[in-house]
Amino acid sequence: MATVSLRTPVISPATKPDAIRRLSSAKNLNGSLQVRDIINSPPKHHVQKSVFQLAVKSMKMSKPAFSPNCSIFQTNYMPALKFNTKIVRSSNIEKQEMQPALVVGVSVFILKDNKILFGRRRSLSVGANSYLLPGGHLELGESYEECATREVKEETGLDIKDIEWLTKTNKFYYDETHLEVTYVRAYLSDPDQTPQNVEPDKCEGWYWYDLNNLPEPMFGPLREMLQGGFSPFPNSS
Ligand SMILES: Nc1nc2c([nH]c(=O)n2[C@H]2C[C@H](O)[C@@H](COP(=O)(O)OP(=O)(O)OP(=O)(O)O)O2)c(=O)[nH]1
């Protein structure tokens with residue numbers, strides 16, 4: 001088993017013990033890694049992410065290159081690009097300068113009868129403790145439809161069909177994150193399929209909600225849209 005330290009711009013003393021514990025027991029790392037410490041990097045040009053997701057994803061990508069001799073694992077993470085990660089040796093710690101980047105998200109209104117699927121995020125994630133749609137970040141070379149299909153499957157186990165573009169938001173956040181989110185709608189390929197909570201570390205569970213009885217607290221940008229009169233249902237205007 002290898003022991004590593006993680007370098008990340010987003011760790012706080014309060015969340016560190018929990019992040020180390022979660023990371024060390026992450027099932028998709030198959031017990032191959034023991035996390036010794038998580039170290040702060042300057043919060044410059046980074047994208048706010050849950051430390052847990054950030055580190056697990058980066059490690060998954062870098063695993064083939066992983067060597068037990070590495071004692072510092074540096075992750076400078078840009079979800080839109082996903083290649084700006086590298087392992088450095090403790091004796092020769094290089095610093096990788098981040099460039100500001102446009103981050104592209106895809107969120108999916110899965111519609112069933114007059115209901116929409118929402119899940120409540122656990123803490124440590126974007127939108128912590130609020131209700132969000134299934135979704136995630138566009139990977140390099142992926143279409144919006146491919147991203148929607150992949151993220152929904154990864155998070156809920158559901159297969160979707162008839163994906164249609166609905167709208168897009170474009171926001172620049174105080175931490176210099178430029179986030180563009182594309183919202184699509186889709187339907188279940190098999191109407192009898194039920195959502196599974198595939199990522200229980202990240203989400204409390206997935207449930208259907210009526211448009212007239214939406215769950216609270218809703219993720220801010222989503223609430224703004226829905227309270228502003230936006231409807232994901234066809235022929236609703
Ligand atoms: N999942 C989701 N993300 C949303 C919604 N509205 C919205 O602006 N976003 C933003 C927040 C994030 O910057 C981005 C998607 O992030 P995410 O937190 O779901 O990403 P993820 O970890 O599941 O996916 P990934 O990094 O594995 O690609 O889109 C929404 O309703 N659902």
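Just so you know, all these numbers are worked out from the coordinates, no wet-lab data involved. No experiment lies behind these values; they were computed from the predicted model shown. We place every Cβ from the backbone using ideal geometry, glycine too, and count neighbours over all the protein chains shown.
Any idea which of Glu204, Glu224, Glu216 is within 12 Å of the ligand (Cβ to nearest atom) and among the charged types (D, E, K, R)?
Every option except Glu224 fails the conditions.
Out of curiosity, is Lys161 under 14 Å from Gly105 (Cα atoms) and more than 15 Å from the chain's Cα centre (by Cα)? Outline the logic, then answer.
Numbers: under 14 Å from Gly105 (Cα atoms): no; more than 15 Å from the chain's Cα centre (by Cα): yes.
No, not satisfied.
Hey, among Gly157, Gly141, which residue is more than 9 Å from the ligand (Cβ to nearest atom) and either among the β-branched types (Val, Ile, Thr) or closer than 22 Å to Trp208 by Cβ (or both)?
Gly157
Quick one: which of Val198, Val181 is in a loop (DSSP other than H, G, I, E, B), hydrophobic (A, V, I, L, M, F, W, C), surrounded by 14 or more Cβ atoms within 10 Å (Cβ to Cβ) and within 12 Å of the ligand (Cβ to nearest atom)? Please lay out each step first, then the result.
Numbers: Val181 fails: in a loop (DSSP other than H, G, I, E, B).
One residue alone meets the criteria, Val198.
Being on the phi > 0 side of the Ramachandran plot and within 12 Å of the ligand (Cβ to nearest atom) is the filter here, so list the residues in the range 160-178 that pass it.
Selection gives nothing.
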